[in-house]
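> Below you'll find the structure I mean.
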Amino acid sequence: IPVPDFWPNDLGYWSDASEMADAIRRKDSATFAFGVQRFYGALNQMRADGSFPLAAGLSACSATYSNTDLTHLTSMAEMAATQGYDLYSMNVNGKSLQTAIEFMLNAYENPALLYQYSKAGLGTCFEGNPGDPPDFTIYQHPGAALAWMEPYIARFPLSATAARLRAILGGNVNATPFPLMVDRSGLNTTCAFRSSYEFQPVNGANVTIVSGNGQTVGP
(Lines give C-alpha, C1' and ligand atoms only; values in the text may rest on other atoms or scores of the structure.)
Protein backbone atom coordinates (compact mmCIF):
# COMPACT_ATOMS: atom_id res chain seq x y z
CA ILE A 1 0.00 0.00 0.00
CA PRO A 2 1.46 3.42 -0.93
CA VAL A 3 2.60 5.54 2.00
CA PRO A 4 1.26 8.10 2.53
CA ASP A 5 -2.00 6.79 1.14
CA PHE A 6 -4.30 9.52 -0.18
CA TRP A 7 -7.01 7.20 -1.48
CA PRO A 8 -9.77 7.85 -2.53
CA ASN A 9 -8.92 11.30 -3.87
CA ASP A 10 -7.06 12.22 -7.04
CA LEU A 11 -3.65 11.87 -5.37
CA GLY A 12 -4.62 8.37 -4.26
CA TYR A 13 -5.70 7.36 -7.76
CA TRP A 14 -2.47 8.86 -9.12
CA SER A 15 -0.51 6.71 -6.70
CA ASP A 16 -2.60 3.63 -7.55
CA ALA A 17 -2.03 4.14 -11.28
CA SER A 18 1.71 4.49 -10.71
CA GLU A 19 1.73 1.32 -8.60
CA MET A 20 -0.14 -0.56 -11.33
CA ALA A 21 2.26 0.63 -14.03
CA ASP A 22 5.26 -0.43 -11.97
CA ALA A 23 3.62 -3.78 -11.17
CA ILE A 24 3.21 -4.50 -14.89
CA ARG A 25 6.83 -3.57 -15.50
CA ARG A 26 7.97 -5.94 -12.72
CA LYS A 27 5.41 -8.68 -13.52
CA ASP A 28 4.10 -8.32 -9.97
CA SER A 29 0.62 -9.86 -10.07
CA ALA A 30 -0.22 -9.08 -6.43
CA THR A 31 0.39 -5.34 -6.80
CA PHE A 32 -1.42 -5.31 -10.14
CA ALA A 33 -4.39 -6.93 -8.38
CA PHE A 34 -4.14 -4.21 -5.71
CA GLY A 35 -4.62 -1.63 -8.47
CA VAL A 36 -7.70 -3.46 -9.73
CA GLN A 37 -9.02 -3.52 -6.17
CA ARG A 38 -8.56 0.24 -5.89
CA PHE A 39 -10.35 0.76 -9.22
CA TYR A 40 -13.25 -1.26 -7.80
CA GLY A 41 -13.13 0.85 -4.65
CA ALA A 42 -13.32 4.05 -6.70
CA LEU A 43 -16.53 2.88 -8.31
CA ASN A 44 -17.87 1.69 -4.97
CA GLN A 45 -17.43 5.06 -3.23
CA MET A 46 -18.58 7.08 -6.24
CA ARG A 47 -22.09 8.48 -5.94
CA ALA A 48 -24.86 6.92 -7.98
CA ASP A 49 -24.92 9.95 -10.28
CA GLY A 50 -21.21 9.49 -11.14
CA SER A 51 -19.72 12.23 -8.95
CA PHE A 52 -16.66 11.62 -6.75
CA PRO A 53 -17.47 12.90 -3.23
CA LEU A 54 -14.05 14.33 -2.36
CA ALA A 55 -13.41 15.99 -5.71
CA ALA A 56 -16.94 17.28 -6.19
CA GLY A 57 -16.81 19.38 -3.03
CA LEU A 58 -13.70 21.35 -3.98
CA SER A 59 -15.42 24.63 -4.92
CA ALA A 60 -14.22 26.08 -8.24
CA CYS A 61 -11.65 23.28 -8.56
CA SER A 62 -14.30 20.57 -8.38
CA ALA A 63 -14.35 20.20 -12.18
CA THR A 64 -10.56 20.09 -12.42
CA TYR A 65 -10.14 17.42 -9.77
CA SER A 66 -13.13 15.36 -10.89
CA ASN A 67 -11.56 15.36 -14.34
CA THR A 68 -8.22 14.34 -12.80
CA ASP A 69 -9.95 11.33 -11.25
CA LEU A 70 -11.02 10.34 -14.76
CA THR A 71 -7.43 10.75 -15.98
CA HIS A 72 -6.04 8.25 -13.50
CA LEU A 73 -8.92 5.76 -13.66
CA THR A 74 -8.83 5.73 -17.46
CA SER A 75 -5.08 5.22 -17.26
CA MET A 76 -5.65 2.21 -15.00
CA ALA A 77 -8.30 0.82 -17.34
CA GLU A 78 -5.90 1.15 -20.27
CA MET A 79 -3.09 -0.60 -18.41
CA ALA A 80 -5.43 -3.39 -17.37
CA ALA A 81 -6.52 -3.80 -20.99
CA THR A 82 -2.92 -4.52 -22.01
CA GLN A 83 -3.01 -7.39 -19.50
CA GLY A 84 -6.32 -8.74 -20.80
CA TYR A 85 -8.66 -7.26 -18.17
CA ASP A 86 -11.60 -5.04 -19.09
CA LEU A 87 -12.09 -2.51 -16.30
CA TYR A 88 -14.22 -0.36 -18.59
CA SER A 89 -16.97 -2.95 -18.12
CA MET A 90 -16.54 -3.25 -14.34
CA ASN A 91 -19.85 -2.44 -12.68
CA VAL A 92 -20.34 -1.83 -8.95
CA ASN A 93 -23.94 -1.39 -7.87
CA GLY A 94 -24.84 -0.05 -11.29
CA LYS A 95 -21.86 2.33 -11.40
CA SER A 96 -18.98 2.17 -13.87
CA LEU A 97 -16.30 4.44 -15.27
CA GLN A 98 -18.85 5.29 -17.95
CA THR A 99 -21.14 6.66 -15.22
CA ALA A 100 -18.43 9.06 -14.07
CA ILE A 101 -17.65 10.18 -17.62
CA GLU A 102 -21.29 10.86 -18.42
CA PHE A 103 -21.68 12.84 -15.19
CA MET A 104 -18.80 15.12 -16.14
CA LEU A 105 -20.14 15.67 -19.65
CA ASN A 106 -23.60 16.41 -18.28
CA ALA A 107 -22.14 18.77 -15.67
CA TYR A 108 -20.16 20.60 -18.35
CA GLU A 109 -23.45 21.25 -20.14
CA ASN A 110 -25.30 21.94 -16.88
CA PRO A 111 -22.84 23.11 -14.17
CA ALA A 112 -25.59 22.99 -11.55
CA LEU A 113 -25.14 19.21 -11.40
CA LEU A 114 -21.66 19.71 -9.93
CA TYR A 115 -22.36 22.98 -8.16
CA GLN A 116 -24.76 21.19 -5.82
CA TYR A 117 -21.64 19.56 -4.35
CA SER A 118 -18.97 22.23 -4.95
CA LYS A 119 -20.87 24.79 -2.91
CA ALA A 120 -19.96 22.77 0.17
CA GLY A 121 -16.51 24.35 -0.16
CA LEU A 122 -14.62 21.32 1.14
CA GLY A 123 -10.83 21.53 1.41
CA THR A 124 -8.68 24.13 -0.31
CA CYS A 125 -8.55 25.20 -3.93
CA PHE A 126 -6.04 27.01 -6.14
CA GLU A 127 -8.66 29.46 -7.40
CA GLY A 128 -11.74 31.32 -6.24
CA ASN A 129 -13.38 31.10 -2.84
CA PRO A 130 -14.94 28.28 -0.81
CA GLY A 131 -18.31 27.32 -2.25
CA ASP A 132 -17.72 28.76 -5.73
CA PRO A 133 -19.33 27.07 -8.75
CA PRO A 134 -17.14 24.65 -10.74
CA ASP A 135 -14.74 26.10 -13.27
CA PHE A 136 -14.87 24.11 -16.53
CA THR A 137 -12.22 26.16 -18.32
CA ILE A 138 -10.16 23.04 -19.01
CA TYR A 139 -13.04 21.71 -21.16
CA GLN A 140 -13.09 24.77 -23.36
CA HIS A 141 -9.63 24.34 -24.88
CA PRO A 142 -8.11 20.88 -25.54
CA GLY A 143 -4.99 20.33 -23.48
CA ALA A 144 -3.14 17.85 -21.32
CA ALA A 145 -5.97 17.63 -18.79
CA LEU A 146 -8.22 16.04 -21.42
CA ALA A 147 -5.72 13.39 -22.53
CA TRP A 148 -7.93 10.64 -21.09
CA MET A 149 -10.53 11.36 -23.77
CA GLU A 150 -8.28 10.11 -26.59
CA PRO A 151 -7.95 6.49 -25.41
CA TYR A 152 -11.66 6.43 -24.59
CA ILE A 153 -12.53 7.50 -28.13
CA ALA A 154 -10.09 4.91 -29.49
CA ARG A 155 -11.81 2.18 -27.45
CA PHE A 156 -15.39 3.21 -28.16
CA PRO A 157 -15.23 5.10 -31.47
CA LEU A 158 -18.88 4.67 -32.43
CA SER A 159 -20.42 5.37 -29.02
CA ALA A 160 -22.60 8.38 -28.23
CA THR A 161 -20.12 9.33 -25.52
CA ALA A 162 -17.25 9.39 -28.02
CA ALA A 163 -19.27 11.79 -30.16
CA ARG A 164 -19.70 14.10 -27.16
CA LEU A 165 -15.98 13.96 -26.42
CA ARG A 166 -15.13 14.78 -30.06
CA ALA A 167 -17.31 17.87 -29.76
CA ILE A 168 -15.02 19.04 -26.94
CA LEU A 169 -11.73 18.04 -28.56
CA GLY A 170 -12.61 19.29 -32.03
CA GLY A 171 -12.12 17.53 -35.34
CA ASN A 172 -8.53 18.30 -36.28
CA VAL A 173 -6.60 15.83 -34.12
CA ASN A 174 -3.56 16.06 -36.40
CA ALA A 175 -2.86 19.64 -35.33
CA THR A 176 -1.13 20.97 -32.23
CA PRO A 177 -1.59 20.14 -29.33
CA PHE A 178 -2.54 16.61 -30.38
CA PRO A 179 -1.77 13.94 -29.38
CA LEU A 180 -2.64 15.11 -25.89
CA MET A 181 -0.16 14.10 -23.22
CA VAL A 182 -0.23 14.36 -19.43
CA ASP A 183 2.58 13.47 -17.05
CA ARG A 184 0.28 13.26 -14.02
CA SER A 185 -0.58 9.59 -14.43
CA GLY A 186 1.00 6.19 -13.96
CA LEU A 187 1.92 6.28 -17.61
CA ASN A 188 1.36 8.72 -20.42
CA THR A 189 -2.40 8.43 -20.86
CA THR A 190 -2.35 9.00 -24.61
CA CYS A 191 0.57 6.66 -25.23
CA ALA A 192 -1.33 3.93 -23.40
CA PHE A 193 -3.20 3.18 -26.61
CA ARG A 194 -0.63 4.30 -29.20
CA SER A 195 1.27 1.02 -28.97
CA SER A 196 1.88 -1.99 -31.20
CA TYR A 197 0.06 -4.31 -28.79
CA GLU A 198 -3.11 -2.25 -28.78
CA PHE A 199 -6.31 -4.24 -28.83
CA GLN A 200 -9.15 -3.58 -31.20
CA PRO A 201 -11.83 -1.27 -29.75
CA VAL A 202 -13.99 -2.92 -27.14
CA ASN A 203 -17.04 -2.14 -29.26
CA GLY A 204 -17.37 -1.04 -32.84
CA ALA A 205 -19.11 -1.67 -36.12
CA ASN A 206 -20.24 -5.21 -36.80
CA VAL A 207 -20.66 -5.62 -40.55
CA THR A 208 -22.99 -8.43 -41.61
CA ILE A 209 -23.66 -9.59 -45.17
CA VAL A 210 -27.39 -9.25 -45.81
CA SER A 211 -27.51 -10.27 -49.47
CA GLY A 212 -25.67 -10.15 -52.77
CA ASN A 213 -22.50 -11.99 -51.76
CA GLY A 214 -20.46 -13.94 -54.29
CA GLN A 215 -20.29 -11.64 -57.32
CA THR A 216 -17.25 -11.62 -59.54
CA VAL A 217 -15.92 -8.80 -61.64
CA GLY A 218 -12.98 -8.19 -63.94
CA PRO A 219 -9.92 -6.32 -62.67
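The values are calculated or read from the model by the stated rules, or taken from the named source; none is laboratory data. On a predicted model such as this, the values are computed, not experimentally measured, just so you know. Methodologically, a virtual Cβ is constructed for each residue, glycine included, from the backbone with ideal geometry; neighbour enumeration extends over all protein chains shown. In case anyone asks, the SASA skips ligands and DNA or RNA and just uses the protein heavy atoms, side chains included. Shrake-Rupley method; radii C 1.70, N 1.55, O 1.52, S 1.80 Å.
> Using a 10 Å cut-off on Cβ atoms, rank the peptides 133-139, 9-15 from the highest mean neighbour count down.
The packing order, highest mean first, is 9-15, 133-139.
> If I compute solvent accessible area with a 1.4 Å probe over the protein chains, what percent of it on the chain is carbon and sulfur?
Whole-percent figure for carbon plus sulfur exposure: 54.
> For the chain, what does -39500 (n - 2.57) per DSSP helix run (n ≥ 4), summed and divided by total residues, give at 222 nm, in deg cm²/dmol to the nearest 500?
Only helices count here, giving -13500 deg cm²/dmol.
> Which value, in Å², gives the accessible area per residue of the range 54-119 when a 1.4 Å probe is used on the protein heavy atoms?
On a per-residue basis, the range 54-119 sits at 33 Å².
> Taking Rh as the Kirkwood radius computed over C-alpha pairs, what is the Stokes-Einstein D of the chain at 37 °C in a medium of viscosity 0.692 mPa s, expressed in µm² per second?
179
> Spin-label point model (7 Å from Cα, Cβ direction): what's the residue 178 to residue 215 distance in nm?
3.4
> Additional query: Using the Kirkwood radius built from alpha carbon pairs, what does the Stokes-Einstein equation give as D for the range 15-98 at 25 °C and 0.890 mPa s, in µm² per second?
This corresponds to a translational diffusion coefficient of 186 µm²/s.
> Can you compute 3J(HN,Hα) from phi for each residue in the range 10-15, using the Karplus curve 6.51 cos²θ - 1.76 cosθ + 1.60 with θ = phi - 60°, rounded to whole Hz and x for Gly and Pro?
5, 5, x, 5, 4, 4
> Could you work out the relative contact order of the chain, using alpha carbon pairs under 8 angstrom and six or more residues apart, expressed as a whole percent?
23
> Of the peptides 64-72, 108-116, how do they stack up when ordered by the mean number of other Cβ atoms within 10 Å, highest first?
Ranked by mean Cβ neighbours within 10 Å, highest first: 64-72, 108-116.
> Starting at the first residue of the range 48-53, write each ³J(HN,Hα) from the Karplus equation 6.51 cos²θ - 1.76 cosθ + 1.60 with θ = phi - 60°, in whole Hz, x for Gly and Pro.
Karplus values, whole Hz, x for Gly and Pro: 4, 7, x, 8, 9, x.
> Convert each backbone phi in the range 25-38 into a coupling constant with the Karplus relation 6.51 cos²θ - 1.76 cosθ + 1.60 (shift: θ = phi - 60°), then list the ³J(HN,Hα) values in order as whole Hz, x for Gly and Pro.
Once rounded to whole Hz, the list reads 4, 8, 6, 9, 5, 5, 6, 4, 4, 4, x, 4, 4, 5.
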